[in-house]
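Readers should treat all values here as calculations from the given coordinates under stated rules, not as data from a laboratory. Note that the structure is predicted; figures quoted are calculated from it, not measured. Counting neighbours? That spans all protein chains shown, and the Cβs are built from the backbone with ideal geometry, glycine included.
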Amino acid sequence: MGARFGRASIPAMRAAPASPPRQAAKPRSVSASASRPRTSLPLDAALLAKASRIEQQLRELFPNPVVPLDHRSGFELLCAVVLSAQSTDKKVNEITPALFEAARQDVAATPHKMAGLGQARIKDLIKQIGLCNNKAKFLSELSKKLVEDFGGEIPATFEELESLPGIGHKSASVLMSQLHGVAAFPVDTHIHRLAARWGLSSGKNVKVVEEDLKAIFPEESWNDLHLQIIFYGREYGQARQKYPWPGPICKWAGLEDPPVTTPAKKKKRKPVGKEDESKARRRLL
């Protein structure tokens, strides 16, 4: 699969005519998946059949998933992915036009032009997004590294991508799958939550969940499937929902008491000052 540029809204994707229909997904056999690592739940025929039904339903709901980040080139997608950390796609798409125009050469932004802007100018262009200081630094430094170490091209290996400032394993997985067409399964909070809610993983971290989902679903489905699960999560699988779960998949696949994916936040105890301590002591006398 080659690079896929641009984006489509969820409604547009759902209304778009699907490409030639694929045959209904057949449940994977346990033996076919046995060579893959699985770390949180035992593989069995029932689990694989459930995963196959989920995959088929996701394909019907979101037949043509496209990365929801506006971009015209691989470099622009890389920048948008960096900016999307702890920010919404909507917010990223609001600020990238001005940024990409400032770094544009011919039809799209380039690492050479972005590096030439400098960190202060980049920060000014993205100041409306969260963590703008760090993100401006990352964009400036990764642009320089791309120019100096990769000839201005986007690396095509996980190791090289993860060597870029601001790019961790999840971001590298997005780029490998959506830019280079390499099978990968990036796991975000939506995927982590739904994998637990659907009973596909009991992993407490994204690394375990990623391995679980790779063991359950066929490799050729990963690049579309991770987007389809994200879109489903945004539309139907919010964090504060309670059982019985809403949504066409959750209503039949959801566990009544799924594993917790987000540790409860502990309230910080306010330190007791000397004055408060003496008042408390007097009350006890």
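The table that follows gives values for the structure above.
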| item | result |
| --- | --- |
| Positions within the range 95-115 being buried (at least 16 other Cβ atoms within 10 Å of the Cβ) and in a helix (DSSP H, G or I), in sequence order | Ile95, Thr96, Leu99, Phe100, Ala102, Pro111, Lys113, Met114, Ala115 |
| Whichever residue in the range 164-220 is of a type in the set (S, T, N, Q) and part of a helix (DSSP H, G or I) and, among such residues, is surrounded by the most Cβ atoms within 10 Å (Cβ to Cβ) | Gln178 |
| Inter-residue pairs, beta-carbon under 7 Å, first closer than 16 Å to Pro63 by Cβ and in the range 217-229, second hydroxyl-bearing (Ser, Thr, Tyr) and not in a loop (DSSP other than H, G, I, E, B), 6+ apart | Asn223/Ser177 |
